[in-house]
Amino acid sequence: MRLNELVKISLEGGILSREQCRQVLNCPDGEVLALLDAAHKVRHRYFGNVVHIQVLTNAKSGLCPEDCHYCSQSRVSTAEIEHYPLLSKDKIVEEALRAKQLKAKRYCMALSGRGPSKSEIEKLCDIIRAIKKQTQLSVCLSVGVLEEGQAEQLKAAGLDRVNHNLNTSERFYPQICTTHTYQDRLQTVTRCRAAGLEVCSGGIVGQGETDEDIIDLLMALRAVEAESIPLNFLVPIKGTPFQDRSQGLNPRRCLKILCLARFLNPDREIRVAGGREYHLRSLQPLSLYAANSIFVTGYLTTGGQPADEAWQMIADLGFELEVEGMSK
Ligand code: SF4
């Protein structure tokens, strides 16, 4: 594999051929450091040595009528998780203020469910206005499928970004969810974009997909021009239909996937999301040579790295933290 050629194509706005993508995913383990060095050249062009962290609140948990097989909150999951309706405004604002203290640049709220009700949208708009009044945090919302007009309402309340993941390739999608489609997801992404919201859209690897599916997903994320791409590594949660999957992942494999994500989406914010601690383990710092963003303190129903440990990791790398209100 000619790494300099991959860097050149990526920096010049070109697209790696499928064969080159396959080579990245199948890079010999002994060459992973060289691959990371190449991905870092691309990352450095657009983001220098800057990293930013995000804090996520599961603002409504469980009891979801959908059947996403990876998700502990789905109707087909028996995982022992908390169930609660949308948290109060006071509680969520308190969480946003905590995110600010944890040196986050962006605060994310996620709600379980297929999509928000009319009253939830109204409550969310009120919450977004309150957060914006008290902080300069960028605010992102993950709320499922949006109906016509809902994205505009959220934008008018001050929302910066919506997270809606494509999750996997169109081909593999029916294997991970049957209650809504890949096209439903694409439509929500399109609606958010049309409403002037930034788009955060990524995926989950380790669900039994092939290399071709990973390439398709990363190409699709390039095509929708997602500003932010969170890559999750499946955490096999007991009680979910995918509790026995993710065997194909190891720290080197995760790094190769992140490198490919960077080559295909050179100037996009790439976030090492769920499963960072579980799958990358001692190699977590290396992920930031390809990615430029992480979550701290945890995910929807699983815990994560404490913020002070993440700050130390970032400082040890010689990288710089981007915080609330900065726009690098
Ligand atoms: S991912 Fe979202 S839509 Fe799917 S089951 Fe979980 S909470 Fe429901």
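Just so it is clear, none of the values below were taken in a lab; they were calculated from the coordinates. What you see is a predicted model, and the numbers here were worked out from it, not measured in a lab. Glycine also receives a Cβ, built like all others from the backbone with ideal geometry; neighbour counts cover every protein chain displayed.
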From the phi of every residue in segment 109-117, what ³J(HN,Hα) in whole Hz does the Karplus formula 6.51 cos²θ - 1.76 cosθ + 1.60 yield, where θ is phi - 60° and glycine or proline is x? 10, 10, 10, 5, x, 5, x, x, 7
Loop-only check: which trypsin sites (Lys or Arg not before Pro) in segment 1-34 are DSSP coil with at most 16 other Cβ within 10 angstrom? Arg2
Label point at Glu31 placed 7 Å out along Cα→Cβ; residues across segment 1-22 whose backbone nitrogen lies under 14 Å: 1-7, 19-22
What nm distance separates the two modelled labels at Glu152 and Glu82, each placed 7 Å from Cα along Cα→Cβ? 3.6
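If you average the sequence gap of Cα pairs under 8 Å that are 6 or more apart and divide by the length of the chain, what percent do you get for the contact order? Before the final figure, lay out each step's value.
On the way: 654 pairs, mean separation 79.9, N = 328.
About 24 percent, as a whole number.
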Skipping prolines and chain starts, which residues have an amide H placed within reach, meaning under 5 Å, of the one on Gln305, given they are 5 or more residues away or on another chain? Thr297, Gly298
Among His279, Thr302, Ile314, flag the residue with its Cα farthest along the positive direction of the charge dipole of segment 260-328, charges on Cβ as +1 for Lys/Arg and -1 for Asp/Glu. His279
Which shape class applies to segment 32-319: rounded if a/c is under 1.5, otherwise prolate when a/b exceeds b/c and oblate if not, where a ≥ b ≥ c are the square roots of the Cα gyration tensor eigenvalues? rounded
For the chain, set up a Gaussian network in which alpha carbons nearer than 10 Å are linked by springs, and say which option among Val199, Val51, Val32 fluctuates the most. Val32
Could you list, in their original order, any pairs among Lys103/Lys155; Lys89/Lys133; Lys8/Lys41 whose Cα atoms are separated by more than 18 Å? Lys103/Lys155
Between segment 69-116 and segment 233-261, how far is it from one alpha carbon centroid to the other, in angstrom? 22
I'd like the orientation of helix 307-316 relative to the chain: the angle between its Cα long axis and the longest Cα principal axis, in ° from 0 to 90, rounded to 10. 20
Straight distance only, please: which aspartates and glutamates reach the Cα of Lys91 with their own Cα at less than 18 Å, same-chain residues fewer than 8 apart left out? Glu82, Glu120, Glu122, Asp126
Can you return the aspartates and glutamates within cross-link range of Lys100? Criterion is Cα-Cα under 18 Å, with same-chain partners fewer than 8 residues away left out. Asp90, Asp160, Asp308, Glu309, Glu320, Glu322, Glu324
Among 128-138, 255-265, how do they line up from the highest to the lowest mean number of other beta-carbon atoms within 10 Å? 255-265, 128-138
Taking a label point 7 Å from the Cα of Arg75 along the Cα→Cβ vector, which residues of segment 153-185 have an amide N closer than 13 Å to it? 178-180
Take peptides 99-106, 74-81, 312-319 and line them up by average Cβ neighbours within 10 Å, highest first, as a rough protection proxy. 99-106, 74-81, 312-319
Collect residues whose amide H, placed 1.01 Å from N in the peptide plane, falls under 5 Å from the amide H of Ser61; neighbours closer than 5 in sequence don't count. Tyr84, Ser112
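Given Cβ point charges of +1 (Lys, Arg) and -1 (Asp, Glu) and nothing else, what value in debye, to the nearest 20, does the dipole of the chain about its Cα centre take?
Numbers: 40 positive and 40 negative charges, 82 e Å.
So the magnitude is around 400 debye.
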